[in-house]
Amino acid sequence: MFEFITRWFKKSDTKVEVKKKTGGDAVRKYVKQRYINPARMKKDGRVTFTAEDIEKAMGLGNKYPLICSALDTQKFIEFARVQLIRREGAAQGATAKWTFKVK
């Protein structure tokens, strides 16, 4: 009984483990797990990140066009249930920066 309770109330690890996939879906899933969901749990209204943040964390090896094209879609907005507030920086580079409103 005690083991059940300790497992039930165990603090979740804030690190998100992502297998090395090289698709837009993997990028969208990572961003949702790493940025959107924690912001939603903290009741933060906005979340901001760059393509460089994602590339370094996922180890994609300068695949900025993949990251930008995955996040600049309606598919991501619907998947993550967010609203794009601002898109800054390069069209497909490390300085691409997104600010989303978390619904």
Would you mind putting 57-63, 26-32 in packing order, based on average other-beta-carbon counts within 10 Å, highest first? 26-32, 57-63
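Would you mind counting up the charge near Ala51? Only other residues with Cβ under 15 Å from its Cβ, with Lys and Arg at +1 and Asp and Glu at -1. Mind showing how you got there, number by number?
Details: positive: Arg28, Arg34, Lys56, Lys63, Arg86, Arg87, Lys97; negative: Glu52, Asp53, Glu55, Asp72, Glu88.
Its environment carries a net charge of +2.
Mind checking the alpha-carbon convex hull of region 45-103 and giving the volume per residue in Å³? List each step's numbers first, then the result.
Details: hull volume 4.2 nm³, N = 59.
Enclosed volume per residue, from the Cα hull, is 71 Å³.
Using 1/(1 + (r/R0)^6) with R0 = 25 angstrom and r between the beta carbons of Asn37 and Gln74, what's the FRET efficiency to the nearest 0.05?
That pair, Asn37 with Gln74, gives E of 0.80.
Each reported figure results from applying straightforward, stated rules to the coordinates on display, with no laboratory input. Keep in mind that what you see is a predicted model, and the values were worked out from it rather than measured. All Cβ positions, even for glycine, are placed from backbone atoms using ideal geometry, and neighbour counts span all protein chains on display.
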